[in-house]
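The values are calculated or read from the model by the stated rules, or taken from the named source; none is laboratory data. What you see is a predicted model, and the numbers here were worked out from it, not measured in a lab. As a convention, Cβ positions derive from the backbone with ideal geometry for all residues, glycine included, and neighbour counts pool all protein chains shown.
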Ligand SMILES: NC(=O)c1ccc[n+]([C@@H]2O[C@H](COP(=O)([O-])OP(=O)(O)OC[C@H]3O[C@@H](n4cnc5c(N)ncnc54)[C@H](O)[C@@H]3O)[C@@H](O)[C@H]2O)c1
Ligand SMILES: [Zn+2]
Ligand SMILES: [Zn+2]
């Protein structure tokens, strides 16, 4: 066991705090990772606002890169010294999704079984089974994906959640391709990941929608060919106008609200696809005329973690980054210390950042 500093959320809406946390030595199948960087994702804020569940206190942070420090018995895929990106999809190989050959849906992903605790023994619930706003974290070894050690941790660590979720929402869930028109509603780290994914897939028309003009400017950098300011223009009418009056073939919702979901629903062409990657909160409901659901056809999909397989996707995307074909650096607006998470949440609200990345 060792004692390190980490960021916890004690209760609904209370500001996060840096405190001392006990990290057990790795048991069978587990690894302790020295965290180098961890991005601040909107999902961390959802946790601290009680929007995910009530399992306080949470150990926040889940978008991380680091170096494996020690491994437990039976761990063969990673070793001390390996540079890894942490993932929240360590597939089990035996659940009904895995057995059907669809491991990206794995319903029984592995996490560490021993809890990290406060010094009084209170167990912490790690965000998305990771908990990485901390000097060292305990995870299942399957949550560590080895990648090119010469890559910049602050940039490639973002593949651990938001950027991968967005990229995968476009490429894997939305299956976007060259001939498609694609619209992305909400251009934070996740939405811009979707824009970047559409560009990687060769999409010629990429429409970025956001309520903040700075976000639209950033989205252009990632490959948006058209932008729509949702504060000034009705996004549905604007997307239709940009697509010959019909709507986009694939619309990706990366906000997580009923009103933006409805926009996505009506801004797609007949038989088009809506991909919901934004995470709603428990009180949100959606009402749609069933006739429209039927009559507009196509597919209404959710994207969990971009339907990614970390072992397949992380090394490949890091290689694209190293080759200059995927600009992960552009997602990193600022690097902040461990006690900068609360301020990073505030900047998320005012739209000043795409990603704040905690550097340890
Ligand atoms: N499905 C997944 O696996 C997964 C993974 C990570 C994050 N998420 C979720 O994705 C969402 C986005 O995360 P993020 O980190 O990019 O958040 P963010 O706060 O950085 O970005 C949200 C963006 O939406 C914009 N926005 C807000 N209201 C809008 C509106 N009415 N119309 C247009 N744009 C609007 C904001 O200006 C901002 O740019 C969150 O709900 C997060 O929880 C999902
Ligand atoms: Zn499984
Ligand atoms: Zn996240």
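Cβ-Cβ distance below 6 Å, separation of 6 or more or different chains: which pairs start in the stretch 39-61 with a residue that is on the phi > 0 side of the Ramachandran plot and end on one that is assigned to a loop (DSSP other than H, G, I, E, B) and surrounded by fewer than 19 Cβ atoms within 10 Å (Cβ to Cβ)?
What qualifies is 50/12.
Kindly indicate which of 142, 121, 179, 93 is surrounded by fewer than 17 Cβ atoms within 10 Å (Cβ to Cβ) and within 16 Å of ligand 2 (Cβ to nearest atom). Full working, then the answer.
Working: 142 fails: surrounded by fewer than 17 Cβ atoms within 10 Å (Cβ to Cβ); 121 fails: within 16 Å of ligand 2 (Cβ to nearest atom); 179 fails: within 16 Å of ligand 2 (Cβ to nearest atom).
Only one candidate passes the filter, namely 93.
If you go through the stretch 28-37 one residue at a time, do you hit one that is assigned to a loop (DSSP other than H, G, I, E, B), in contact with a helix residue (DSSP H, G or I) (Cβ under 7 Å, 6 or more places away or on another chain), away from ligand 3 (no atom under 16 Å from the Cβ) and farther than 24 Å from residue 284 by Cα?
Of the stretch 28-37, the ones assigned to a loop (DSSP other than H, G, I, E, B) are 28-29.
Imposing the further condition that a residue be in contact with a helix residue (DSSP H, G or I) (Cβ under 7 Å, 6 or more places away or on another chain) reduces the set to 29.
With the extra rule that they be away from ligand 3 (no atom under 16 Å from the Cβ), the set shrinks to 29.
Applying the additional criterion that residues be farther than 24 Å from residue 284 by Cα yields 29.
Within the stretch 28-37, one or more residues are assigned to a loop (DSSP other than H, G, I, E, B), in contact with a helix residue (DSSP H, G or I) (Cβ under 7 Å, 6 or more places away or on another chain), away from ligand 3 (no atom under 16 Å from the Cβ) and farther than 24 Å from residue 284 by Cα.
Just checking, which of 141, 97, 65 is closer than 30 Å to residue 197 by Cβ and within 16 Å of ligand 3 (Cβ to nearest atom)? Lay out the reasoning, then the answer.
Details: 141 fails: within 16 Å of ligand 3 (Cβ to nearest atom); 97 fails: within 16 Å of ligand 3 (Cβ to nearest atom).
Answer to the selection: 65.
Select, from 241, 217, 232, the only residue that is under 22 Å from residue 189 (Cβ atoms) and modelled with pLDDT of 95 or more. Break it down into steps so the answer makes sense when it comes.
Working: 241 fails: under 22 Å from residue 189 (Cβ atoms); 232 fails: under 22 Å from residue 189 (Cβ atoms).
Just one listed residue meets the conditions, 217.
Considering each of 22, 48 in turn, give the residue that is crowded, with 18+ Cβ neighbours inside 10 Å and within 15 Å of ligand 3 (Cβ to nearest atom).
The conditions single out 48.
Going by what's in this entry, would residue 150 be described as more than 16 Å from ligand 2 (Cβ to nearest atom), more than 14 Å from the chain's Cα centre (by Cα), surrounded by fewer than 24 Cβ atoms within 10 Å (Cβ to Cβ) and at negative phi? First the steps, then the outcome.
Details: more than 16 Å from ligand 2 (Cβ to nearest atom): yes; more than 14 Å from the chain's Cα centre (by Cα): yes; surrounded by fewer than 24 Cβ atoms within 10 Å (Cβ to Cβ): yes; at negative phi: yes.
Considered against the rule, which asks whether it is more than 16 Å from ligand 2 (Cβ to nearest atom), more than 14 Å from the chain's Cα centre (by Cα), surrounded by fewer than 24 Cβ atoms within 10 Å (Cβ to Cβ) and at negative phi, residue 150 comes out as yes.
Among the candidates 203, 195, 176, 209, which residue alone is in contact with a strand residue (DSSP E or B) (Cβ under 8 Å, 6 or more places away or on another chain), within 16 Å of ligand 1 (Cβ to nearest atom), more than 27 Å from residue 60 (Cα to Cα) and at pLDDT 95 or above?
Checking each option against the conditions leaves just 209.
Name every residue in the stretch 246-301 that is near ligand 1 (Cβ under 10 Å from one of its atoms), out of contact with any helix residue (DSSP H, G or I) (no Cβ under 9 Å at 6 or more places or on another chain) and in a loop (DSSP other than H, G, I, E, B), in order of residue number.
The answer is 257, and nothing else.
For residue 317, only one of the following conditions fails: (1) part of a helix (DSSP H, G or I); (2) out of contact with any strand residue (DSSP E or B) (no Cβ under 9 Å at 6 or more places or on another chain); (3) touching a residue at least 60 places away in the same chain (Cβ under 8 Å); (4) surrounded by fewer than 18 Cβ atoms within 10 Å (Cβ to Cβ). What is its number?
(4)
Somewhere in the stretch 92-110, is a residue under 21 Å from residue 40 (Cα atoms) and under 25 Å from the mean Cα position of the chain (by Cα)?
No, the stretch 92-110 contains no residue that is under 21 Å from residue 40 (Cα atoms) and under 25 Å from the mean Cα position of the chain (by Cα).
I need a count of the residues in the stretch 12-27 that are modelled with pLDDT of 95 or more, out of contact with any helix residue (DSSP H, G or I) (no Cβ under 7 Å at 6 or more places or on another chain) and either in a loop (DSSP other than H, G, I, E, B) or within 16 Å of ligand 2 (Cβ to nearest atom) (or both).
Matching residues across the stretch 12-27 total 4.
Within the set of pairs 6+ apart or on separate chains, which have a first residue in the stretch 103-119 that is closer than 19 Å to residue 28 by Cα and part of a loop (DSSP other than H, G, I, E, B), a second that is within 16 Å of ligand 1 (Cβ to nearest atom) and at pLDDT 95 or above, and C-beta atoms under 6 Å apart?
Cβ pairs passing all conditions: 109/89; 109/90; 110/90; 111/129.
Quick test of your reading of the structure: residue 85 fulfils all but one of (1) surrounded by fewer than 23 Cβ atoms within 10 Å (Cβ to Cβ); (2) outside any loop (DSSP other than H, G, I, E, B); (3) within 16 Å of ligand 3 (Cβ to nearest atom). Name the failing condition by number.
If we test residue 85 against (1) surrounded by fewer than 23 Cβ atoms within 10 Å (Cβ to Cβ); (2) outside any loop (DSSP other than H, G, I, E, B); (3) within 16 Å of ligand 3 (Cβ to nearest atom), just (1) comes out false.
Check every one of the helices (runs of 4 or more DSSP H) wholly within the stretch 185-245 and list those with 2 or more residues that are in contact (Cβ under 8 Å) with a residue 24 or more places away in the chain and either under 15 Å from residue 330 (Cα atoms) or under 20 Å from the mean Cα position of the chain (by Cα) (or both).
Values: elements: 189-200, 213-222, 235-242.
Filter on the stretch 185-245 gives 189-200, 213-222.
Tell me, yes or no, whether the stretch 66-79 has at least one residue that is away from ligand 2 (no atom under 16 Å from the Cβ), in contact (Cβ under 8 Å) with a residue 40 or more places away in the chain, closer than 30 Å to residue 166 by Cβ and outside any strand (DSSP E or B).
Within the stretch 66-79, one or more residues are away from ligand 2 (no atom under 16 Å from the Cβ), in contact (Cβ under 8 Å) with a residue 40 or more places away in the chain, closer than 30 Å to residue 166 by Cβ and outside any strand (DSSP E or B).
Go through the stretch 321-335 residue by residue and tally those that are away from ligand 3 (no atom under 16 Å from the Cβ), outside any loop (DSSP other than H, G, I, E, B) and under 23 Å from residue 217 (Cα atoms).
Adding up the residues that qualify gives 5.
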